[in-house]
Amino acid sequence: MLKQQSFQKGAVILLLSAVIAKLLGACFKIPLTNVLGGTGMGYFSSAYGLLLPVYALSVTGLSAAVAQAVSRAAALSHYNEVRRIHTVARLSCGIFGLLLSGMMLLLAEPFAFRIAVQPNALFSILAIAPASLFGCLTAVERGYWEGLQNMTPTAISQAIEAVAKLGLGLWFCWWAQTHPEIVCAWVPPDVPLSALTAAAAVLGVTCSTLIGWLYFLIRGMSGKHKLPAGTDTASSMFVILRRLLYVMIPVALGSLVTNLTSLLDLVTMMHCLGRAQTFYPEALAQRFGTIAASPDFPAFVYGSFTGMAVTVFNLIPSVTNMLGKSALPRTAALWATHDKAAVAAHARTVISAAALIALPAAGGLAVLAEPVMLVLYDGRPEEAVIAASALRSLLPGMVCLCLTFPLCSILQGLGKAVLPVKYMLAGVIVKLAGNLLLISHPAFCITGAGIATSACYILLLIMILWGLRRVLGEKIGIGEALLPFLLATAVCTLTALLIYRCTCTWKPYYTAALCTAGGGCSYGVMLWLIRRFFSSKRKASPNPVS
């Protein structure tokens, strides 16, 4: 028998890996933004804006499909089936990844010129295209080990990829900036150096995906983690492929629709900001200064939003998303025994774990948005102030997104992967309408994109909770699960606000540090008091509810 990890151990491993990866990612993005500025980050984010939906379509669905297929076969000790699944997934996903990379290379020019309206982003898009291939290959390997309920390889590969991205991305960017005579010799003279340095940083990201896949290749060649011998007869290649597609398609579509928000920002923000420049030049000049009259103004604002505000916004959800990877197989096992009460209890546990992290983070950032941005992007104070206002408008959506992704994994474990897709489509419609209505209005502008994103995820969370309630046929107890964290977060936010008002004239670093320490301590103490109060109340009850 294979040694498997429990839900708690797997979740902890993935959470720690996600924290390390995101910290390293922040160490990459923050100095990069300070070097490139808002305009350069606009080019960088254009490439990312195209890659994220492609990644969502391929990587997320592939990993979930392979994990589910492998876990079912391994549970029955059908190890020949597991090997066949691994082989089929590698072959089919390698071909799929090649097609995706080829399409990105072919469509890079029309995308940059007509959709993103940033011709200079072409070089970044070309540099990121091969990442689709390596992302698909890596997703198969991660799904394979997750299906065997061993989260360690996924965690290690994420950490290796993050280290490679940090080192190579910043080194390539530095080299391009310090050797303009070599870099600029290969492009037309009207291409700015910032576009080429952004492309160099993107190339580092692509190389990191290659290194992440090479880790699994070396691990497989070592021969230390072989499966036991199997006595079963494996299914045919086409049967396995059909099973993989059956799981992959709805999961991939759901992830694709979720990541369409970044693509919608890329497509709509540039056009809407250009329209605002035409119709409201005085209002924009009053709010943004002389940059509002520049042709680079749309790229400047878009880069500040995606390169700064959205970077911080994504930190917490990317950590809580790891809960879903461990929640899915556990949910599937409970659902197979028709234990609805246990599934509801499991959902409460997952929601509580996500809320434990998300709520205090949102409360703290609501108070400290500007100091945090000024600390992280001290080399770009103008963009940091703009991004701070956008970050505040994103925070309600951040909390909802942290709760949404683990709940989507639970629905997938229940065999209802199509439901999140339907709900996400409704959220995307709200996001699109909000962008078109708010961004071009000078009273909102960059904050309009944040408000639209928050409205999208608030609606999505409500619909997913409603759908989960219908599937289970009984109450989940969301209010009971969230109440302690809401009360503790209120105290945490109030403490941070009081400290901020006393220290707002200090340097941003000291203000942010003191508010974070004070708010974090008050959150921990308040949560402990609440838990102790409810615990004593249950003990005093003659008929305690389990």
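Give me the residue from region 224-238 that is under 11 Å from I85 (Cα atoms) and either among the basic types (K, R) or surrounded by 13 or more Cβ atoms within 10 Å (Cβ to Cβ) (or both) and, out of that set, modelled with the lowest pLDDT. Even if it seems obvious, please write down each step before you answer.
In the first step, residues of region 224-238 are kept if they are under 11 Å from I85 (Cα atoms); the result is 234-238.
This time we only want the ones that are either among the basic types (K, R) or surrounded by 13 or more Cβ atoms within 10 Å (Cβ to Cβ) (or both), so: 234-235, 237.
Numbers: A234: 74, S235: 77, M237: 81.
Here the residue is A234.
Cβ-Cβ distance below 8 Å, separation of 6 or more or different chains: which pairs start in region 512-533 with a residue that is within 10 Å of T495 (Cβ to Cβ) and touching a residue at least 24 places away in the same chain (Cβ under 8 Å) and end on one that is of a type in the set (F, W, Y) and part of a helix (DSSP H, G or I)?
Within 8 Å, the pairs are C515/Y500.
Checking V430 against (1) assigned to a helix (DSSP H, G or I); (2) β-branched (V, I, T); (3) more than 30 Å from R275 (Cβ to Cβ), which test does it fail?
Checking V430 against (1) assigned to a helix (DSSP H, G or I); (2) β-branched (V, I, T); (3) more than 30 Å from R275 (Cβ to Cβ), the one that fails is (3).
If I ask for residues that are of a type in the set (A, V, I, L, M, F, W, C) and within 14 Å of C408 (Cα to Cα), which ones from region 345-376 would you list?
Our first condition is that a residue be of a type in the set (A, V, I, L, M, F, W, C); within region 345-376, this holds for 345, 347, 350-351, 353-359, 361-362, 365-369, 372-376.
Hits for region 345-376 are A347, V350, I351, A354.
For L62, state whether it is modelled with pLDDT under 75 and either crowded, with 20+ Cβ neighbours inside 10 Å or over 23 Å from F134 (Cα atoms) (or both).
Numbers: modelled with pLDDT under 75: no; either crowded, with 20+ Cβ neighbours inside 10 Å or over 23 Å from F134 (Cα atoms) (or both): yes.
Taking the combined requirement at face value, the residue does not satisfy it.
Would you mind finding the one in L260, L323, L328 that is under 23 Å from S45 (Cα atoms) and either at pLDDT below 85 or not basic (K, R) (or both)? I'd like the intermediate steps shown before the answer.
Details: L323 fails: under 23 Å from S45 (Cα atoms); L328 fails: under 23 Å from S45 (Cα atoms).
Exactly one residue qualifies, and that residue is L260.
Return the total of residues in region 183-209 being surrounded by fewer than 19 Cβ atoms within 10 Å (Cβ to Cβ) and modelled with pLDDT of 85 or more.
The total comes to 0.
In region 494-546, how many residues are within 29 Å of A481 (Cα to Cα), in a helix (DSSP H, G or I) and modelled with pLDDT under 85?
10
Report whether or not E474 is of a type in the set (D, E), in a helix (DSSP H, G or I) and out of contact with any strand residue (DSSP E or B) (no Cβ under 9 Å at 6 or more places or on another chain). Lay out the reasoning, then the answer.
Details: of a type in the set (D, E): yes; in a helix (DSSP H, G or I): no; out of contact with any strand residue (DSSP E or B) (no Cβ under 9 Å at 6 or more places or on another chain): yes.
No: the conditions fail for E474.
Please name all residue pairs, on different chains or six or more residues apart, with Cβ atoms under 6 Å, provided the first residue is in region 442-458 and is modelled with pLDDT of 90 or more and the second residue is assigned to a loop (DSSP other than H, G, I, E, B) and of a type in the set (V, I, T).
What qualifies is G448/I439; A449/I439.
Any chance region 426-434 includes a residue that's under 30 Å from S522 (Cα atoms) and either without any contact (Cβ under 8 Å) to a residue 40 or more places away in the chain or surrounded by fewer than 19 Cβ atoms within 10 Å (Cβ to Cβ) (or both)? Give the derivation first.
Narrowing region 426-434 to residues under 30 Å from S522 (Cα atoms): none.
There is no residue in region 426-434 that is under 30 Å from S522 (Cα atoms) and either without any contact (Cβ under 8 Å) to a residue 40 or more places away in the chain or surrounded by fewer than 19 Cβ atoms within 10 Å (Cβ to Cβ) (or both).
Residue check: is I464 of a type outside the set (D, E), under 23 Å from R287 (Cβ atoms), under 20 Å from the mean Cα position of the chain (by Cα) and surrounded by 20 or more Cβ atoms within 10 Å (Cβ to Cβ)?
Numbers: of a type outside the set (D, E): yes; under 23 Å from R287 (Cβ atoms): no; under 20 Å from the mean Cα position of the chain (by Cα): yes; surrounded by 20 or more Cβ atoms within 10 Å (Cβ to Cβ): yes.
Taking the combined requirement at face value, the residue does not satisfy it.
Tell me, please, whether a residue that is closer than 22 Å to H441 by Cβ, assigned to a helix (DSSP H, G or I) and among the aromatic types (F, W, Y) can be found in region 309-321. Break it down into steps so the answer makes sense when it comes.
The first filter runs over region 309-321 and keeps only residues closer than 22 Å to H441 by Cβ, leaving 309-310, 313.
Retained after the next criterion (residues that are assigned to a helix (DSSP H, G or I)): 309-310, 313.
Still in the list and also among the aromatic types (F, W, Y): 313.
Yes, region 309-321 contains at least one residue that is closer than 22 Å to H441 by Cβ, assigned to a helix (DSSP H, G or I) and among the aromatic types (F, W, Y).
Please work out which residue is nearest to R275 (Cα to Cα), limiting yourself to region 433-469 and to residues that are outside any helix (DSSP H, G or I) and touching a Cys at 6+ places or on another chain (Cβ under 6 Å). First the steps, then the outcome.
We begin by selecting, within region 433-469, every residue outside any helix (DSSP H, G or I); these are 439-445.
Narrowing the set further to residues that are touching a Cys at 6+ places or on another chain (Cβ under 6 Å) leaves 439-440.
Working: I439: 9, S440: 6 Å.
In this case the residue turns out to be S440.
Could you check how many residues of region 133-175 are under 30 Å from P228 (Cα atoms) and either touching a residue at least 40 places away in the same chain (Cβ under 8 Å) or of a type in the set (D, E) (or both)?
The total comes to 27.
Report, by residue number, each residue of region 120-163 that is closer than 25 Å to Q68 by Cβ and outside any helix (DSSP H, G or I).
L148, Q149, N150, M151
Looking only at region 495-511, filter to residues that are without any contact (Cβ under 8 Å) to a residue 24 or more places away in the chain and either buried (at least 21 other Cβ atoms within 10 Å of the Cβ) or farther than 17 Å from M373 by Cα (or both); which one of those is farthest from the chain's Cα centre (by Cα)?
C502
Test I95 against the criterion of being surrounded by fewer than 14 Cβ atoms within 10 Å (Cβ to Cβ), farther than 30 Å from G42 by Cα and modelled with pLDDT of 85 or more, and give yes or no. Working first, answer last.
Values: surrounded by fewer than 14 Cβ atoms within 10 Å (Cβ to Cβ): yes; farther than 30 Å from G42 by Cα: yes; modelled with pLDDT of 85 or more: yes.
Criteria met by I95.
From the list S326, S389, S409, which one is under 29 Å from T39 (Cα atoms) and in a helix (DSSP H, G or I)? Even if it seems obvious, please write down each step before you answer.
Details: S326 fails: under 29 Å from T39 (Cα atoms); S409 fails: under 29 Å from T39 (Cα atoms).
Residue meeting the stated conditions: S389.
If a residue must be in a helix (DSSP H, G or I), of a type in the set (D, E) and more than 16 Å from F313 (Cβ to Cβ), how many such residues does region 366-386 contain? Working first, answer last.
At the first step, the residues of region 366-386 found to be in a helix (DSSP H, G or I) are 366-376, 381-386.
After this cut, where a residue has to be of a type in the set (D, E) as well, the list is 370, 382-383.
This time we only want the ones that are more than 16 Å from F313 (Cβ to Cβ), so: 382.
Summing the residues that are in a helix (DSSP H, G or I), of a type in the set (D, E) and more than 16 Å from F313 (Cβ to Cβ) in region 366-386 gives 1.
Given the condition out of contact with any strand residue (DSSP E or B) (no Cβ under 7 Å at 6 or more places or on another chain), more than 30 Å from A73 (Cα to Cα) and not hydroxyl-bearing (S, T, Y), answer yes or no: does some residue in region 150-163 qualify?
The first filter runs over region 150-163 and keeps only residues out of contact with any strand residue (DSSP E or B) (no Cβ under 7 Å at 6 or more places or on another chain), leaving 150-163.
Among the residues that remain, those that are also more than 30 Å from A73 (Cα to Cα) are: 162-163.
Add one more test, that the residue is not hydroxyl-bearing (S, T, Y), and what stays is 162-163.
Taking every residue of region 150-163 in turn, at least one turns out to be out of contact with any strand residue (DSSP E or B) (no Cβ under 7 Å at 6 or more places or on another chain), more than 30 Å from A73 (Cα to Cα) and not hydroxyl-bearing (S, T, Y).
The values are calculated or read from the model by the stated rules, or taken from the named source; none is laboratory data. Bear in mind that the values here come from a model prediction, so they are computed numbers and not experimental data. Methodologically, a virtual Cβ is constructed for each residue, glycine included, from the backbone with ideal geometry; neighbour enumeration extends over all protein chains shown.
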